[in-house]
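To start, the structure itself, in C-alpha cells.
Just so it is clear, none of the values below were taken in a lab; they were calculated from the coordinates. Every value quoted in this text rests on a predicted model; they were computed, and no experiment measured them. Glycine gets a Cβ as well: all are built from the backbone with ideal geometry, and neighbour counts include every protein chain shown.
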Amino acid sequence: MLSPKLILSPIDFSDFSLNALDVAKDVAMKYGSEILLIHVVPMVSRLPDPVIIVGEGAYERAMIEITKQRLGDLADKLRQAGVRARSVVGLANDAAMEIVRTADSEKVDLIVMSTHGMTGWKRLAFGSVTDKVVRTADCAVLVLRSGAAAGSPERQAKQATATVPA
C-alpha cells in the first residue's frame, strides 16, 4: 500500500489546483505525510533596451515575492489543520519539468495535481503540464480530472442528483 512521506502539490492558484490541494491534505492527514507546495513562475526573457519599461529582473523578483506570500498563506492553513507543510517557488519556462525536477531533488513520494480539462485545439496549442509530469516523473502521480476533485460544484451536483429518489 502506498504510504507517502512527502507529497508534492503543484499550485497555479486555480480552483482546480486548490481542489487537488484539498485531496493532498486528506492523503497527508491519513498517512502523516508532509506537503510541499510548488508554483512555477515563468522566466522573463531579456528584452531589447528600447522596449524595457520595467526591468525584467525587478518584475521577476516581484512575481517571486508575491508567489512566496501566497504559497506561505496556503502552507499556514495546512499547518493550522495539523498537516506539516512547506513551499517552494520554481523559476522556469517549462512548468512540468520544474515540477519533476523538484520532485526528484526533494525525493517526493507522490505528486497530487489536477487537469484543467482542456481538449481539442486548446490542448494542442497549450499542451498539458499534467500529461508531461505523468510521463516524466519517477514517483507516483495522482491526477484529478477537472471537476472531480473533492468538493467541486460539479461533483456535488452529481452526488445530489444521484441521491434524489425517483
The extension gain from Met63 to Asp104, computed as 0.36 nm times the residue separation minus the Cα-Cα distance, is 12.3 nm
Taking the Cα atoms of region 76-115, what is the range of coordinates along each of the three principal axes, in descending order and whole Å?
-> 32, 22, 19
Compute the distance in nm between two label points, each set 7 Å from the Cα along the Cα-to-Cβ direction, one at Asp131 and one at Gln80.
-> 3.9
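Can you tell me the order of 98-107, 132-141, 57-66 when each peptide is scored by its average per-residue count of other Cβ atoms within 10 angstrom, highest first? Please list the in-between numbers first.
On the way: 98-107: 17.8, 132-141: 16.0, 57-66: 12.6.
My ranking of the peptides, most packed first, is 98-107, 132-141, 57-66.
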